[in-house]
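Below is one structure, written out as structure tokens; the observations come after it.
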Amino acid sequence: RKRHRATSGRLFRDIKTALTGNEGFVKDFASLLAHAGAELESNPQTTIKFDYLIVQSGEKPHSAWIRASKRLNIPCVRHEWLVESILAGELLHPEPFIYLDATPAAYVPHRESIDSELSGHRRKSTRY
């Protein structure tokens, strides 16, 4: 299988994310995501769907972002997903990193739907 590698520094191209956590986390991880090619959503009142809400583990997510993720049916993942994906050099499957307290009940991923979702982003992880 051919895998997208991070050698270009744009592992998260075509991915739009939002961040919630303390001020230092948001600043540092926004910079990291921008460097990795992601587009950042900064307005929790948005009506435009984005791909992931990344939450800082160990911190309570901002309620406005949680409402946005539920309203837009956006999966919430712990920040370890971002770190592990960068270390692996590929966009990893989000399921092991789901932040259950914030992810909409309607978002119960099935392997087939995630495989097609990830292939739509031109990346597929071999690690489940």
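Residues that are open to solvent by 30 Å² or more (accessible area, probe 1.4 Å), in a helix (DSSP H, G or I) and among the aliphatic types (A, V, I, L, M) within the range 73-102 comprise VAL83, ILE86, LEU87, listed in sequence order.
Restricting to the range 12-70, count the residues that are among the acidic types (Asp, Glu) and free of Cβ contacts under 8 Å to residues at least 12 places away in the same chain. Spell out the reasoning first.
Restricting attention to the range 12-70, the residues satisfying the condition of being among the acidic types (Asp, Glu) are 14, 23, 28, 39, 41, 51, 59.
Next, from what is left, pick out any that are free of Cβ contacts under 8 Å to residues at least 12 places away in the same chain: 23, 28.
Matching residues across the range 12-70 total 2.
Table: residues versus (1) in a loop (DSSP other than H, G, I, E, B); (2) open to solvent by 60 Å² or more (accessible area, probe 1.4 Å); (3) among the charged types (D, E, K, R).
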residue: ASP28; (1), (2), (3): no, yes, yes
residue: LEU33; (1), (2), (3): no, no, no
residue: THR46; (1), (2), (3): yes, no, no
residue: PHE50; (1), (2), (3): yes, no, no
residue: SER57; (1), (2), (3): yes, no, no
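Only one of the numbered conditions (1) in contact with a Gly (Cβ under 7 Å, 6 or more places away or on another chain); (2) open to solvent by 10 Å² or more (accessible area, probe 1.4 Å); (3) among the aliphatic types (A, V, I, L, M) is not met by LEU11, and that is (2). ASP14 fulfils the conditions (1) more than 17 Å from ILE98 (Cβ to Cβ); (2) more than 14 Å from the chain's Cα centre (by Cα) except for a single criterion, (2). Do the conditions hold for ASP14, that is, is it part of a loop (DSSP other than H, G, I, E, B) and either of a type outside the set (Val, Ile, Thr) or at pLDDT below 95 (or both)? Against the criterion (part of a loop (DSSP other than H, G, I, E, B) and either of a type outside the set (Val, Ile, Thr) or at pLDDT below 95 (or both)), ASP14 qualifies.
Candidates in the range 35-44 are the residues that are farther than 14 Å from ALA68 by Cβ and outside any helix (DSSP H, G or I); of these, the one that is most open to solvent (accessible area, probe 1.4 Å) is GLU39.
The values are calculated or read from the model by the stated rules, or taken from the named source; none is laboratory data. Here the structure is a predicted model, which is why all the values come from computation and not from measurement. In this analysis, Cβ positions are derived from the backbone assuming ideal geometry, glycine residues included, and neighbour counts consider all displayed protein chains. For the accessible areas, the whole protein counts, side chains as well, though only heavy atoms, and no ligand, DNA or RNA atoms are used. Shrake-Rupley method; radii C 1.70, N 1.55, O 1.52, S 1.80 Å.
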